[in-house]
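Engineer: Please read through the structure below; I'll follow up with questions.
The values are calculated or read from the model by the stated rules, or taken from the named source; none is laboratory data. Fair warning: this is a prediction, and the values are worked out from it, not measured in the lab. Quick reminder, even Gly has a Cβ in these numbers, built from the backbone with ideal geometry, and neighbours come from all protein chains shown.
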Amino acid sequence: MSVHNCPARIRRILAALVVIAGLATASEPAEAQAGVTTYHACYVPGSGTVYRIKAANTPAACNKGTHVEFQWTDFVRAIDPVMATKTVTVPPGLTAGVSVDCPIGSIAYTGGFGVSSVALKVIASRPTLLEDMRRWVVLAFNESGSPQELTTFARCVRP
C-alpha cells in the first residue's frame, strides 16, 4: 500500500515524523553537542505541521492557542553511553518477556532485540514507563517446536 492510499491522518503523522527527524538533526551550538539536548516544537492539528520553538531564531511559544506544544530529548549526543543486554531461552509454544535495566544513574534512550530464528515472533519492544526510565522490555512468542534465544538490549546514558 502506498502512502497516497493511506488515510489523511496517517499521512500527516508520517509527515510530522519526517519533520521531527529533520529537526533533530539540525545543527546545534558546540556546547549543546557535548550533552543531552531537549527540543521544543508545536503541532498544528488541522494540517499536521510541526515547527520548532524555544531555539535560536524561533518563537518562544506556539503561535496559536490551538497548536499543541511538545518536546523530545536527543540522547544520541550524550556523554558516557552504556549498553545493557540480557539473553533468555524461550520454550516452544510459549511467550516470554525479557527486561534489561540500565545502570543506576542512567536511563534507557533506546533499545531493541535479537532473535535466533524467525519463528520467534516479537510482540512488543519498548521502554517501561517507570519514573526512572531505566528498563527496556521485549515480549516474544516462540512458534517453533524447539527452544529459541531472545536477546534484549538497552542503550543507556547518564543525563
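Engineer: Just the residues that are at pLDDT 90 or above and touching a Phe, Trp or Tyr at 6+ places or on another chain (Cβ under 7 Å), please, taken from segment 114-135.
Structural biologist: The answer is Lys121, Val122, Ile123, Ser125.
Engineer: Where residues in segment 66-94 are within 18 Å of Gly112 (Cβ to Cβ) and modelled with pLDDT of 90 or more, which of them is farthest from the chain's Cα centre (by Cα)?
Structural biologist: By that ranking, first place goes to Val90.
Engineer: Only one residue in Arg134, Arg155 is closer than 27 Å to Ile104 by Cα and out of contact with any Asp or Glu (no Cβ under 6 Å at 6 or more places or on another chain), so which one is that?
Structural biologist: After applying the criteria, what remains is Arg155.
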